[in-house]
Amino acid sequence: MAAPRKPFQAPSPDATAFLERAIEQYGKATYNFAFRLTRNEADARDLAQEAFLRVYRAWRSFQPGTSFLSWIYRIVTNLHRDELRRRKGRYWEEIPEDNAPQEFAGHRPLAVAPIDEYVERQLSEPMSKALAALAPEQRRIVMLADVEECSYQEIAGIVGCSIGTVRSRLHRARGQLRRLVERNLASS
């Protein structure tokens, strides 16, 4: 027998205000982090949207004085990890080049601009290819440490492990990244 459903409750003004402030202050950073994890615009939008839905539902559990960004990055990380588990074993097919997003009146869509500008400013082509080739867990750790500039303690809280584990994973991920960059440079 199914549990009785709760009657619909209108959102409280406090919850709505909390969510609006969170989206305004952290929406772009959350989307960019999700994009770096998924490397896909649509998946990144879905991931960020689901993360903010979780924030809305659990807004009272946020501890004032702690880092909201760390909290939402942990939510995004957990959602991404869950999605990878669900997709495991599924066949992936590349979308043909002719279905690539088109320019709009000479401007890129707003959702694409932040990450595109970041990649153009910060990452060389060999580095970009190397990051894409890293395993999702390795990419996540490198992005949190070297792009988001999170402390080891913040990363440990986001990914749910000890600081020592963060250090060892980051060391291995950076080593793998270095090898991939060198390989990309050698093949250029």
Which log10 I(q)/I(0) values does segment 126-171 give at q = 0.16, 0.32 Å⁻¹ under the Debye formula, counting every alpha carbon as one identical point scatterer? -0.38, -1.20
Relative contact order as a percentage, segment 124-188, C-alpha pairs under 8 Å and 6+ apart, gives 45
Return the sequence-ordered ³J(HN,Hα) values of segment 33-39 in whole Hz as given by the Karplus equation 6.51 cos²θ - 1.76 cosθ + 1.60 applied to θ = phi - 60°, using x for Gly and Pro. 5, 4, 5, 5, 6, 8, 6
With +1 on the Cβ of every Lys and Arg and -1 on the Cβ of every Asp and Glu, the dipole magnitude of segment 124-188 about its Cα centre, in debye rounded to the nearest 20, is 320
What is the sum of charges around Cys161, taking Lys and Arg as +1, Asp and Glu as -1, for the other residues whose C-beta is under 15 Å from the C-beta of Cys161? +4
Pop a pseudo-label 7 angstrom from the Cα along the beta-carbon direction at both Arg178 and Arg87 and give the gap in nm to one decimal. 3.0
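A short reminder: the numbers here are calculations on the coordinates, not readings from a lab. Please read all numbers here as calculations on a predicted model, not as lab measurements. Note that each Cβ is placed from the backbone with ideal geometry, even for glycine, and that neighbours are counted across all protein chains shown.
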